[in-house]
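Okay, structure first, notes after.
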Amino acid sequence: MGGVTKEQVEASLTSKLNPVHLEVIDTSGGCGASFAVEIVSEQFEGKRLLERHRIVNAALEEEMKEIHALSIKKAQTPQQWKPTPPQDSSVTTTTPSTDA
């Protein structure tokens, strides 16, 4: 079977970038030509977005020979990725009305 598997992409990114979060989606319908990636790694610390994309592309150097499209949806540091706590308490705070 030609093409690259989602598992191959995951394995390469995991071994080279040791991500704390990784999501690889095969957007080619199973033929392995197109992938979307979300990756969170400490290796992105202090790097600009373009540099982060280059790191991901370099980690997939072999796979990129067969992948036609790689969409990097997110390339973040753990600090950036940390889900922000819900702010419901501050949003729903209402001041008592003084209209009498």
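Every number here is computed from the coordinates shown, using simple stated rules; none is lab data. Here the structure is a predicted model, which means the values were calculated and not measured. Heads up, the Cβs are rebuilt from the backbone with ideal geometry, glycines too, and the neighbour counts pull from every protein chain shown.
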For this session: List the residues whose amide H sits under 5 Å from the amide H of Ala75, counting only those 5 or more places along or on another chain, with H placed 1.01 Å from N in the peptide plane.
Result: Ile39
Problem set entry | Values of log10 I(q)/I(0), in the order q = 0.33 Å⁻¹, for region 1-40 under a Debye, Cα-only, solvent-free model | -1.11
Exercise. If R0 is 25 Å, what FRET efficiency do you get for Glu7 and Glu42 from their C-beta distance, rounded to 0.05?
Worked result: 0.60
For this session: With a Förster radius of 25 Å, plug the Cβ-Cβ distance of Lys65 and Val20 into 1/(1 + (r/R0)^6) and report the FRET value to the nearest 0.05.
Result: 0.35
Seminar exercise, completed: At 20 °C in a medium of viscosity 1.002 mPa s, region 6-77 has a Stokes-Einstein diffusion coefficient, with Rh taken as the Kirkwood radius over alpha carbon pairs, in µm² per second, of 179
Problem set entry | Loop-located GluC sites (Glu not before Pro) in region 1-48, at most 16 other Cβ atoms within 10 Å (DSSP) | Glu45
For this session: Tell me the trypsin sites (Lys or Arg not before Pro) within region 42-85 that lie in a loop according to DSSP and have at most 16 other beta-carbon atoms within 10 Å.
Result: Lys47, Arg48
